[in-house]
Amino acid sequence: MSEDDLSRLRAELRSPERTVREAAVVRIVELYDTQTTRLLTEALLSDTPEVRDKAIITLAKLITSEDDMLALGAARPLAEAGAFDALAEAYSRGATELRISATLLLGACTDPRATTLAEQALGDADVHVRALAMELVARLRMI
(Lines give C-alpha, C1' and ligand atoms only; values in the text may rest on other atoms or scores of the structure.)
Protein backbone atom coordinates (compact mmCIF):
# COMPACT_ATOMS: atom_id res chain seq x y z
CA MET A 1 0.00 0.00 0.00
CA SER A 2 1.45 3.35 -0.96
CA GLU A 3 1.80 6.22 1.48
CA ASP A 4 -0.93 8.05 -0.47
CA ASP A 5 -3.33 5.11 -0.09
CA LEU A 6 -2.51 4.91 3.59
CA SER A 7 -3.06 8.65 4.11
CA ARG A 8 -6.32 8.55 2.16
CA LEU A 9 -7.65 5.63 4.21
CA ARG A 10 -6.68 7.32 7.47
CA ALA A 11 -8.50 10.47 6.34
CA GLU A 12 -11.56 8.42 5.37
CA LEU A 13 -11.58 6.77 8.82
CA ARG A 14 -11.88 10.27 10.31
CA SER A 15 -14.45 11.54 7.79
CA PRO A 16 -17.52 13.32 9.16
CA GLU A 17 -19.62 11.00 6.97
CA ARG A 18 -20.43 7.69 8.67
CA THR A 19 -20.83 5.87 5.34
CA VAL A 20 -17.36 7.01 4.23
CA ARG A 21 -15.85 5.67 7.48
CA GLU A 22 -17.67 2.34 7.12
CA ALA A 23 -16.60 1.98 3.48
CA ALA A 24 -13.00 2.69 4.48
CA VAL A 25 -13.04 -0.26 6.91
CA VAL A 26 -14.22 -2.55 4.09
CA ARG A 27 -11.57 -1.22 1.68
CA ILE A 28 -8.79 -1.74 4.21
CA VAL A 29 -9.22 -5.51 4.01
CA GLU A 30 -9.32 -5.48 0.21
CA LEU A 31 -5.92 -3.76 0.23
CA TYR A 32 -4.47 -6.13 2.82
CA ASP A 33 -0.84 -5.63 3.62
CA THR A 34 1.16 -4.94 6.77
CA GLN A 35 -0.82 -1.77 7.51
CA THR A 36 -4.28 -3.37 7.33
CA THR A 37 -4.55 -4.51 10.90
CA ARG A 38 -3.12 -1.25 12.21
CA LEU A 39 -5.77 0.68 10.27
CA LEU A 40 -8.51 -1.63 11.54
CA THR A 41 -7.23 -1.11 15.06
CA GLU A 42 -7.48 2.64 14.49
CA ALA A 43 -11.06 2.07 13.34
CA LEU A 44 -11.76 0.40 16.71
CA LEU A 45 -11.15 3.78 18.31
CA SER A 46 -13.73 5.54 16.09
CA ASP A 47 -16.44 7.54 17.79
CA THR A 48 -19.02 5.82 15.57
CA PRO A 49 -20.35 2.48 16.87
CA GLU A 50 -21.08 1.17 13.35
CA VAL A 51 -17.47 1.76 12.30
CA ARG A 52 -16.16 0.04 15.44
CA ASP A 53 -18.56 -2.86 14.82
CA LYS A 54 -17.32 -3.36 11.25
CA ALA A 55 -13.71 -3.24 12.44
CA ILE A 56 -14.43 -5.83 15.15
CA ILE A 57 -16.14 -8.20 12.73
CA THR A 58 -13.35 -7.78 10.18
CA LEU A 59 -10.56 -8.28 12.73
CA ALA A 60 -12.31 -11.41 14.01
CA LYS A 61 -12.34 -12.82 10.48
CA LEU A 62 -8.64 -12.04 10.12
CA ILE A 63 -7.72 -13.46 13.52
CA THR A 64 -9.38 -16.79 12.68
CA SER A 65 -7.65 -17.04 9.33
CA GLU A 66 -5.83 -20.26 8.48
CA ASP A 67 -2.94 -18.04 7.45
CA ASP A 68 -0.94 -17.84 10.69
CA MET A 69 0.81 -14.62 9.69
CA LEU A 70 -2.54 -12.98 8.95
CA ALA A 71 -3.99 -14.16 12.26
CA LEU A 72 -0.96 -12.96 14.22
CA GLY A 73 -1.02 -9.69 12.32
CA ALA A 74 -4.61 -9.14 13.45
CA ALA A 75 -3.97 -10.07 17.08
CA ARG A 76 -0.89 -8.00 17.83
CA PRO A 77 -2.19 -4.47 17.11
CA LEU A 78 -5.47 -5.31 18.82
CA ALA A 79 -3.64 -6.21 22.00
CA GLU A 80 -1.41 -3.16 21.70
CA ALA A 81 -4.35 -0.82 21.19
CA GLY A 82 -5.96 -1.76 24.47
CA ALA A 83 -9.26 -2.09 22.65
CA PHE A 84 -11.14 -3.70 25.54
CA ASP A 85 -13.67 -0.88 25.91
CA ALA A 86 -14.68 -1.09 22.24
CA LEU A 87 -15.01 -4.88 22.47
CA ALA A 88 -17.01 -4.72 25.69
CA GLU A 89 -19.41 -2.14 24.28
CA ALA A 90 -19.85 -4.10 21.05
CA TYR A 91 -20.51 -7.27 22.99
CA SER A 92 -23.07 -5.66 25.27
CA ARG A 93 -25.17 -4.17 22.49
CA GLY A 94 -24.32 -6.35 19.51
CA ALA A 95 -26.17 -8.81 17.38
CA THR A 96 -25.00 -12.42 17.44
CA GLU A 97 -22.26 -12.00 14.79
CA LEU A 98 -20.85 -9.03 16.67
CA ARG A 99 -20.94 -10.83 20.05
CA ILE A 100 -19.15 -13.81 18.49
CA SER A 101 -16.52 -11.52 16.96
CA ALA A 102 -16.01 -9.54 20.17
CA THR A 103 -15.64 -12.76 22.17
CA LEU A 104 -13.04 -14.07 19.71
CA LEU A 105 -11.05 -10.86 19.93
CA LEU A 106 -11.08 -10.74 23.73
CA GLY A 107 -8.43 -13.45 23.66
CA ALA A 108 -6.03 -11.07 21.91
CA CYS A 109 -6.84 -8.18 24.23
CA THR A 110 -4.31 -7.78 27.03
CA ASP A 111 -6.74 -6.03 29.37
CA PRO A 112 -7.22 -7.99 32.62
CA ARG A 113 -10.97 -7.24 32.45
CA ALA A 114 -11.22 -9.62 29.46
CA THR A 115 -11.63 -12.59 31.79
CA THR A 116 -14.63 -10.98 33.51
CA LEU A 117 -16.35 -10.25 30.21
CA ALA A 118 -15.57 -13.75 28.92
CA GLU A 119 -17.13 -15.20 32.08
CA GLN A 120 -20.26 -13.09 31.46
CA ALA A 121 -20.38 -14.46 27.91
CA LEU A 122 -20.73 -17.97 29.38
CA GLY A 123 -24.38 -17.08 29.96
CA ASP A 124 -24.98 -15.67 26.46
CA ALA A 125 -28.21 -16.63 24.69
CA ASP A 126 -26.29 -17.95 21.65
CA VAL A 127 -24.65 -21.36 21.91
CA HIS A 128 -21.74 -20.29 19.64
CA VAL A 129 -20.91 -17.35 21.87
CA ARG A 130 -21.05 -19.60 24.95
CA ALA A 131 -18.73 -22.14 23.30
CA LEU A 132 -16.19 -19.47 22.40
CA ALA A 133 -16.46 -18.04 25.91
CA MET A 134 -15.72 -21.46 27.45
CA GLU A 135 -12.55 -21.80 25.39
CA LEU A 136 -11.54 -18.23 26.14
CA VAL A 137 -12.12 -18.47 29.90
CA ALA A 138 -10.08 -21.66 30.04
CA ARG A 139 -7.24 -20.04 28.08
CA LEU A 140 -7.29 -16.80 30.08
CA ARG A 141 -7.26 -18.63 33.40
CA MET A 142 -4.15 -20.54 32.34
CA ILE A 143 -2.22 -17.33 31.72
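The values are calculated or read from the model by the stated rules, or taken from the named source; none is laboratory data. In this text, all values refer to a predicted model and were calculated from it rather than measured experimentally. As a convention, Cβ positions derive from the backbone with ideal geometry for all residues, glycine included, and neighbour counts pool all protein chains shown.
Structure summary
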quantity	calculated
Any hit, region 72-91, residues being more than 18 Å from residue 40 (Cα to Cα) and at pLDDT 85 or above	no
Wholly within region 85-143, helices (runs of 4 or more DSSP H) carrying at least 2 residues that are surrounded by fewer than 16 Cβ atoms within 10 Å (Cβ to Cβ), free of Cβ contacts under 8 Å to residues at least 12 places away in the same chain and of a type outside the set (Ser, Thr, Tyr)	127-142
Yes/no for residue 27 being charged (D, E, K, R), assigned to a helix (DSSP H, G or I), at pLDDT below 85 and touching a Leu at 6+ places or on another chain (Cβ under 9 Å)	yes
